[in-house]
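Trainee: Before I ask anything, let me first share the structure, which is written out below as structure tokens.
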Amino acid sequence: MANEKILDLANKISRVKRGSKMEIKPEYPEYKILEPIVTDDMADVAMCLELRQPQSAAEVAVKCGKSVEETAKLLWELAVAGASLVQEIDGVDKYWLEIWVPGHMEMIVNNKENVKKYPQLAEAFDAYGKRRGPLTAGNFPVGFGPMRVIPIETAIDGATKKASYEEVSGYLNAAHRFSVSDCSCRTSREAMGEGCGHLKEDMCIQMDHAAEYYIRTGRGREITREEAFEIIKKAEENGLVHSIPNTDGPGKTHAICNCCGCGCFAYRLAGMWNNPDMMRSNYVATVDTEKCVACGECVETCPPNALKLGQKLCSTTPEKKKKRETPYNNEWGPDKWNYEYRTNKKVVLDSGTSPCKAECPAHIGIQGYIKLASQGKYKEALELIKHENPFPAICGRICPRKCESACTRGDIDDPIAIDDIKKFIAEQDLNAETRYVPKKRHDYGKPIAIVGAGPAGLSCAFYLAIDGYKVTVFEKQKALGGMMTLGIPSYRLEKDVVNAEIDVLRDLGVEFKTGVEVGKDVTLKELREQGFKAFYLAIGAQAGRKLNIEGEDAEGVITGVDFLRDVNLGDKTKLDGRTIVIGGGNVAIDVARTAVRVGSSEVSMFCLESREQMPALQEEIDEALEEGIVIDNSWGPKRVVVENGKVVGVEFKKCLSVFDENGRFSPKFDEAQTKIVETDNVLISVGQAMDWGKLLEGSKVKLNPNNTIIADMTTFQTDEADIFAGGDAVIGPKFAIDAIALGKEGAISIHRFVQNGQSLVFGRIKRDYKAFDKENILIEGYDTTPRQRTEHVPGEKSKETFHDLRGTLTEEQVKKETERCLGCGAVVVDEFMCLGCGSCTTKCKFDAIKLVRKYDSAGAELSQMKPAVVKYMIKRKLRLAMLKPFKKVKAAFTRA
């Protein structure tokens, strides 16, 4: 049964009468947020307070008929609870009521003890926004919402800068006392288990009377002006933006919030109800398309999702631009809202963007680092790459170059030498004096265990370390790097390159434990007991697959993966006689070329596929042929011929086809057409498999039929809540860059998992970049400069050594090559959705995006807001009424 006194107070704060149309009812959040924290006596006293009219205990005591002492006690309890404010004025504490938001809702939730004790407080704050938000859509003029975005100062174009009320520094320099508190919106999200990964601590700055209130009631801690500026700076570095309570009058406020679009309830007005006027600044972002390189950094940081990647090149048949519907000229109901705004953020227009970024598994800003390299800004280029890929020097040597296969320039002559440019840039990482070590963003400190020191595990460790987690990587081998070290020969990837980039992780504080097999030497349970809060399993596909044919257990027959590991570890340095390699993929090529280098007198490869169907990259096939390796296509092994327990040959049968009419692997053979090939060694390289050992014993983790881990493909969480997985262990054998991309996603999930109340999906960006249709692109005015290439190393020379003899482009070549880039993509701004926060400008390294003034509203003090809003609402209703007949006619024509 509802408490009538609490209902009376809820209606009083809401400034509505009981029994009226707007009456607050027991099921409303305004009642629910007061009900558990306000007693009847407290409500009696609160009913004697007024909106923004400070009164002393003595003045209130007269009205409520209680003693001054009891009244003072109850008033203080109201202030501590957040149901009133208090400020010492002329040596006397005075109390008053505020509006709900910004006001009592935030103050109530910021009582840390109460919000833990009564979860309904957080739920009521959330529900209040959901109840009131739809009513505001289209009905508030710019600058008159209760909260307002204040642009990042460096984002404002100097020519359009106009008033100090649009500068954060103006507010901080005008104030005399400061405090910092948890963000109330994120506190609520956390209490409901709906956090977005942006944590609540030390986010919101209060000033003067608000600072006094927060300090005295234990909601915040006192800070200096200098500390306030540092908090602002850190917020901007982490992609957060500023907003202020907007009811104190032009140029005045009592707080500065550092908000994210995925957690803030004020930003929800723009995100969920597509109603940005409620909190926008006077500015909007504009993009200089000529300068923009579609790196995507601004897109992923934009709070209201107003920026998306599109194309810079013209289309042969341009898509007709749809007119943007706005609340100004339309009824704005549920059909216009975006309920899933926290999970459906789009990063690219439907028409697509640069193919290189879209096709890269890690979606690196390729166009961006090419432009930086063209300007000689190699350190900045390396930094941009490492936002998505911690190992550019490694990938510059072994990447499958999906970006180059998709490159638009390749449709004209040759694709841009993207990988060679990246390799040149990443040479800095090989020198301790010039390598890029990211600045730590946070210092969270919680211990995380990574199992497996391959590309996925190391990538996960890198991004967790940047957030200040205490990361320990466990590796059962004596060397770090996983297949990058043990599965890729040194002539393709020198081990000092791998070690140099791993050293960056050491600089970030990552600890490595080699020769430790988790499951055998220490269990997951024991690691939990040691304090590890989460686990990332990235053991890779380190085992070779067998053929299940007669004789394959004979002496002289081993898997290619085991062979490469032995060679890389120095355990096998000699291979005598003739060698047959069975398989046609990239690993099989590595196995064959390694066999040549360890002394095999004759190396032949046999595979099911025709030369055109071979899964190995053409470049690697060519290199193998140059080194004298013979490739016999369309033959499958029937049995291994054995004498006295040792291999002496392999019998093959002719493969007629590898795939069925649906493209599925289904080889067909001519059993009558066979041949026996004599050999001394057989290296089987027909795929890789997972070897879990005892790692998963006692866990709830489940495996697929192919022995990969079953994990959610967005969060990479397994069936055991604190265990995440990535790389080949989840997706099967792929390339290093695929594993690296998954490592970053794993780090995102683990950060959210180990922090209280964070969701693994809310506010998470789905990086579903897609390429534009190259058939619909008009290419004009390109240069005819040929692709720059390093000097070719002949096979006769390369096969004599394990050293990587491939060169690196010269700086002059890099300059020429970067000029060949067509600059396919650019950012597109939805000006209606843009809030003018300026976060985008902090991420742009190209001076391609800035804020320009579009509106001219200084706002108003609370008492002046209602008349302005009512006037605006009436005008809008009249406009909609006038437009209605025209829209009916238009709809009729459309149907016809």
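Trainee: Filter the trypsin sites (Lys or Arg not before Pro) in region 660-730 to those in DSSP coil with at most 10 other Cβ atoms within 10 Å of their Cβ, and list the result.
Mentor: Those satisfying the criteria are ARG664, LYS700.
Trainee: While we're looking at this one, here's another question. How much accessible area does HIS442 have with a 1.4 Å probe, in Å² rounded to the nearest 10?
Mentor: 50 Å²
Trainee: Also, quick follow-up: Give the angle, between 0 and 90 degrees and rounded to the nearest 10, that separates the Cα long axis of helix 736-754 from the longest principal axis of the Cα atoms of the chain.
Mentor: For helix 736-754, the angle is close to 30 degrees.
Trainee: Let me ask something additional. In sequence order, what are the phi-derived ³J(HN,Hα) couplings for region 671-677 according to the Karplus relation 6.51 cos²θ - 1.76 cosθ + 1.60 with θ = phi - 60°, rounded to whole Hz, with x for glycine and proline?
Mentor: In residue order, the calculated couplings are 4, 7, 9, 10, 7, 10, 10 Hz.
Trainee: A follow-up question, please. Probe radius 1.4 Å, ligands and nucleic acids left out: which of HIS176, HIS242 has the largest accessible area, and how do the rest follow?
Mentor: Highest to lowest solvent-accessible surface, that is HIS176, HIS242.
Trainee: Same structure, new question: What do you get for Rg/Rh of region 174-259 when both radii come from the Cα atoms and Rh is the Kirkwood radius?
Mentor: Radius of gyration over Kirkwood radius for region 174-259 works out to 0.96.
Trainee: Sticking with this one: Please list ASP496, ASP419, ASP660, ASP622 from largest to smallest accessible area, probe radius 1.4 Å, with all protein chains kept in place.
Mentor: The most accessible residue leads, giving ASP496, ASP622, ASP660, ASP419.
Trainee: What does the extension gain come out to for ASP847 and TYR782, with contour length at 0.36 nm per residue minus their alpha carbon separation?
Mentor: 21.0 nm
Trainee: Considering the chain, what Rg and Dmax in Å follow from its alpha-carbon atoms?
Mentor: Spelled out, the Cα radius of gyration and Dmax of the chain are 32.5, 110 Å.
Trainee: ³J(HN,Hα) across region 58-70 via Karplus (A = 6.51, B = -1.76, C = 1.60, θ = phi - 60°), whole Hz, x for Gly/Pro?
Mentor: Karplus values, whole Hz, x for Gly and Pro: 5, 5, 6, 4, 4, 6, 9, x, 10, 5, 4, 4, 5.
Trainee: If r is the Cβ-Cβ distance from ASP670 to LYS646 and R0 is 25 Å, what FRET efficiency results, to the nearest 0.05?
Mentor: The formula returns an efficiency of 0.30 here.
Trainee: Just round it to a whole percent: the fraction of Cα-Cα distances in region 524-676 exceeding 25 Å.
Mentor: Tail of the P(r) past 25 Å holds 38 percent of the pairs.
Trainee: For labels at LYS700 and ASP40 in the simple 7 Å Cα→Cβ model, what's the distance in nm?
Mentor: Between LYS700 and ASP40, the label points sit 4.7 nm apart.
Trainee: Give a quick list of GluC sites (Glu not before Pro) in region 5-104 that DSSP marks as loop, anything other than H, G, I, E or B, with at most 10 other Cβ atoms within 10 Å.
Mentor: GLU27
Trainee: Round to the nearest 10 and report in Å² the accessible area of THR790, as given by a 1.4 Å probe over the protein chains' heavy atoms.
Mentor: For THR790, solvent-accessible area is about 50 Å².
Trainee: I've got another one for you. Any chance you could give the angle, 0 to 90 degrees and rounded to 10, that helix 586-597 forms with the longest Cα principal axis of the chain?
Mentor: The angle comes out at about 50 degrees.
Trainee: How do PHE735, PHE606 stack up against each other in accessible area, from largest to smallest, with a 1.4 angstrom probe?
Mentor: Per-residue accessible area, sorted high to low, gives PHE735, PHE606.
Trainee: Can I ask one more? With labels modelled as points extended 7 Å from the Cα through the Cβ direction, what inter-label distance (nm, one decimal) is found for ALA174 paired with LEU878?
Mentor: With each label placed 7 Å out from Cα toward Cβ, I get 3.4 nm.
Trainee: Between ARG528 and GLU123, what length in nm is gained on full extension when 0.36 nm per residue of separation is reduced by their alpha carbon distance?
Mentor: Computed gain between ARG528 and GLU123 is 142.5 nm.
Trainee: Take the cross-link list LYS25/LYS130; LYS234/LYS345; LYS675/LYS797; LYS520/LYS700; LYS308/LYS843 and give me the ones stretching past 26 Å between alpha-carbons.
Mentor: Table pairs above 26 Å Cα-Cα are LYS675/LYS797.
Trainee: If you don't mind, there's one more thing I want to ask. Taking only protein heavy atoms into account and a 1.4 Å probe, give the accessible area per residue of region 38-119 in Å².
Mentor: In whole numbers, region 38-119 has 42 Å² accessible per residue.
Trainee: Using a Debye calculation, one point per C-alpha and no hydration shell, please list log10 I(q)/I(0) for region 322-443 at q = 0.17 Å⁻¹ in order.
Mentor: At q = 0.17 Å⁻¹ the computed log10 ratios are -0.89.
Trainee: With N set to the residue count of region 1-76, report its C-alpha Rg divided by 2.2 N^0.38 Å to two decimal places.
Mentor: Dividing the Cα radius of gyration by 2.2 N^0.38 Å gives 1.11.
Trainee: Are there GluC sites (Glu not before Pro) in region 327-423 that DSSP puts in a loop and that have at most 12 other Cβ atoms within 10 Å, and which ones?
Mentor: Filter output for region 327-423: GLU340.
Trainee: Within the chain, what percent of beta bridges assigned by DSSP are antiparallel, to the nearest 5?
Mentor: Expressed as a percentage, antiparallel bridges in the chain total about 60.
Trainee: Counting alpha carbon pairs within less than 8 Å and at least 6 residues apart, what relative contact order, in whole percent, applies to region 190-285?
Mentor: With pairs under 8 Å counted, the relative contact order is 25 percent.
Trainee: Same structure again: Classify region 388-428: rounded, prolate or oblate, from the alpha-carbon gyration tensor (a ≥ b ≥ c, eigenvalue square roots; a/c under 1.5 rounded; otherwise prolate if a/b is larger than b/c)?
Mentor: In terms of gyration-tensor shape, prolate.
Trainee: Whole angstrom only: what separates the Cα centroid of region 200-224 from the Cα centroid of region 57-113?
Mentor: Centre-to-centre distance over Cα atoms comes out at 17 Å.
Trainee: Further question: Roughly how many Å² is the accessible area per residue of region 385-532, as a whole number, for a 1.4 Å probe?
Mentor: I get 34 Å² per residue for this part.
Trainee: Probe 1.4 Å, all protein chains in place: accessible area of LEU430 in Å², nearest 10?
Mentor: Using a 1.4 Å probe on the heavy atoms, I get roughly 60 Å².
Trainee: Taking θ = phi - 60°, what integer Hz values does the Karplus form 6.51 cos²θ - 1.76 cosθ + 1.60 yield along region 558-565, in sequence order, with x for Gly and Pro?
Mentor: Along region 558-565, the couplings run 9, 7, x, 5, 5, 4, 4, 4 Hz.
Trainee: So which of LYS233/LYS845; LYS346/LYS423; LYS346/LYS379; LYS386/LYS815; LYS371/LYS774 end up more than 23 Å apart, counting from Cα to Cα?
Mentor: From the list (LYS233/LYS845; LYS346/LYS423; LYS346/LYS379; LYS386/LYS815; LYS371/LYS774), the Cα-Cα distance tops 23 Å for LYS346/LYS423; LYS346/LYS379.
Trainee: Tell me the carbon and sulfur percent of the accessible area for the chain, rounded to whole percent, probe radius 1.4 Å.
Mentor: 50 percent
Trainee: How high is the relative contact order of region 1-126, in percent, counting Cα pairs under 8 Å that sit 6 or more residues apart?
Mentor: Rounded, it is 24 percent for region 1-126.
Trainee: A further question follows. Normalised by the residues of region 531-672, what does the relative contact order come to in percent, with Cα pairs under 8 Å and at least six apart?
Mentor: 20 percent
Trainee: Ignoring everything except DSSP H segments at least 4 long, calculate the 222 nm mean residue ellipticity for the chain; use -39,500 (n - 2.57) per segment, divide by total residues, nearest 500.
Mentor: -9500 deg cm²/dmol
Trainee: I want to check the label-to-label distance for THR289 and ARG506. Put each point 7 Å from Cα in the C-beta direction and report it in nm to one decimal.
Mentor: Result for the modelled spin labels: 5.0 nm.
Trainee: Can you tell me the Rg and the Dmax, both Å, for the Cα atoms in region 59-172?
Mentor: 19.2, 60
The values are calculated or read from the model by the stated rules, or taken from the named source; none is laboratory data. Only a predicted model underlies this, so the values are computations on that prediction, with no experimental measurement involved. Here Cβ is always computed from backbone atoms with ideal geometry, including for glycine, and neighbour counts include all displayed protein chains. Ligands, DNA and RNA are stripped out before the accessible areas are found, and what is left, the full protein with its side chains, is counted by its heavy atoms. Shrake-Rupley method; radii C 1.70, N 1.55, O 1.52, S 1.80 Å.
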